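Colleague: Once you've had a glance at the structure underneath, I'll fire off some questions.
The values are calculated or read from the model by the stated rules, or taken from the named source; none is laboratory data. A quick note: this is a predicted structure, and the numbers were derived from the prediction, not measured. Cβ placement follows ideal geometry from the backbone for every residue including glycine, while neighbour counts extend to all protein chains displayed.
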Amino acid sequence: MAGKTCNILVTGANRGLGLEIIKQLAEKPCPGRRIFAGCRDPSKAEGLEKLSKKHSGVIHIIRLDVGDNASVLEAAKQVSSIVGGDGLNLLVNNAAMMYYSNMKESVPSEMENTFNVNVMGPMRMTKEFLPLLQMAVKKSSESSMSCRRAAVINISGMMGCIEQVPATYGLFPFVGLPYRVSKAALNMMTVCNAEEFKGDGILFTLLHPGWVRTDMGGPDGKIEAAESVSGMLGVIEKLTEEHNGAFLNYKGQPMSW
Ligand SMILES: NC(=O)c1ccc[n+]([C@@H]2O[C@H](COP(=O)([O-])OP(=O)(O)OC[C@H]3O[C@@H](n4cnc5c(N)ncnc54)[C@H](OP(=O)(O)O)[C@@H]3O)[C@@H](O)[C@H]2O)c1
């Protein structure tokens, strides 16, 4: 993504992988780039605030709760007023939540809340930002799919791989059932979106960030956020229409479903 102007929005940008994505994007020289950092409560996002001051005029902090229709609508209006006719080139649906409960412990409201954020969140974001993504396609000088034209990256994870459950269930007993189910659903939604919007020229790809030492990944994660994000940004930069509907890890290797 270096060297090309593009407008990027990342959800859940106040901590963890989201904050690291904003940091690494801001550090890549790209004149005219606007980075929108969505977070639920900007007044508590000290790290993000500091970063936005360092990269003033590049990082725009947007109040955004992906679990709330009105908040997503308001964020879309705000971003639209800044990007104007340039549209949005890259939407990274990163925000997610997890309960640590299995079937016996879990209650239906946990499944409902998890779906509201992890599945309906990306759904709301994609629907409300679609006009801006379509605008970016029209404005782009590129004729094929890429993150410089218009792309939606949904951050999924290995815990959503149905085929891998027998191998991962015992290894990650703390990963809650609602979370696993929500990521499998996100995978299905993304593959369907890839088909629905291929005529519009918008690329949809799923990424697995690895097992990362964040609040969600915990201290035993295998890699730091910096390694995961630098890998994912490298992968995003090289995506083409061949990767529309694909599920890749942060090294660019295909994931099983
Ligand atoms: N870490 C891993 O090992 C790992 C592995 C596989 C996949 N992933 C995926 O990677 C992504 C990032 O994970 P992470 O490890 O960075 O998690 P994290 O450290 O727990 O951060 C989660 C982020 O999502 C935000 N968020 C939660 N609910 C939200 C809502 N309703 N609206 C807006 N933002 C909301 C949080 O904001 P608040 O501070 O406001 O709560 C926070 O910024 C997630 O999609 C996760 O499923 C992570």
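Colleague: From the set of residues in the range 134-154 that are outside any loop (DSSP other than H, G, I, E, B) and within 22 Å of LEU248 (Cα to Cα), which is nearest to the ligand (Cβ to nearest atom)?
Modeller: Start the filter on the range 134-154 by keeping residues that are outside any loop (DSSP other than H, G, I, E, B), which leaves 134-139, 151-154.
Those left that are additionally within 22 Å of LEU248 (Cα to Cα): 151-154.
Numbers: ALA151: 17, VAL152: 14, ILE153: 11, ASN154: 8 Å.
For the range 134-154, the residue satisfying everything is ASN154.
Colleague: Given the criteria over 20 Å from LEU19 (Cβ atoms), out of contact with any helix residue (DSSP H, G or I) (no Cβ under 8 Å at 6 or more places or on another chain) and touching a residue at least 24 places away in the same chain (Cβ under 8 Å), does THR240 qualify? Working first, answer last.
Modeller: Numbers: over 20 Å from LEU19 (Cβ atoms): yes; out of contact with any helix residue (DSSP H, G or I) (no Cβ under 8 Å at 6 or more places or on another chain): yes; touching a residue at least 24 places away in the same chain (Cβ under 8 Å): yes.
When the stated conditions are applied, THR240 passes them.
Here's the yes/no breakdown for (1) of a type in the set (A, V, I, L, M); (2) under 17 Å from the mean Cα position of the chain (by Cα):
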site: ARG148; (1), (2): no, yes
site: GLY157; (1), (2): no, yes
site: ALA167; (1), (2): yes, no
site: ASN187; (1), (2): no, yes
site: PHE204; (1), (2): no, yes
site: VAL229; (1), (2): yes, yes
site: PRO254; (1), (2): no, no
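Colleague: Residues that are surrounded by 22 or more Cβ atoms within 10 Å (Cβ to Cβ) and within 15 Å of the ligand (Cβ to nearest atom): does the range 236-246 have at least one?
Modeller: Within the range 236-246 (the criterion being surrounded by 22 or more Cβ atoms within 10 Å (Cβ to Cβ) and within 15 Å of the ligand (Cβ to nearest atom)), the answer is yes, since at least one residue qualifies.
Colleague: So which helices (runs of 4 or more DSSP H) stay within the range 9-102 end to end and still have 3 or more residues that are within 16 Å of the chain's Cα centre (by Cα) and within 13 Å of the ligand (Cβ to nearest atom)? Give the derivation first.
Modeller: Numbers: elements: 16-27, 46-54, 69-83.
Ranges flagged: 16-27.
Colleague: Now for a separate question. Can you say whether LYS53 is at pLDDT 95 or above, of a type in the set (D, E, K, R) and over 25 Å from TRP211 (Cα atoms), as far as the supplied structure shows?
Modeller: yes
Colleague: Of all residues being at pLDDT 95 or above and β-branched (Val, Ile, Thr) in the range 166-195, which is nearest to LYS222 (Cα to Cα)? Just the residue, please.
Modeller: Restricting to residues being at pLDDT 95 or above and β-branched (Val, Ile, Thr), the top hit is VAL181.
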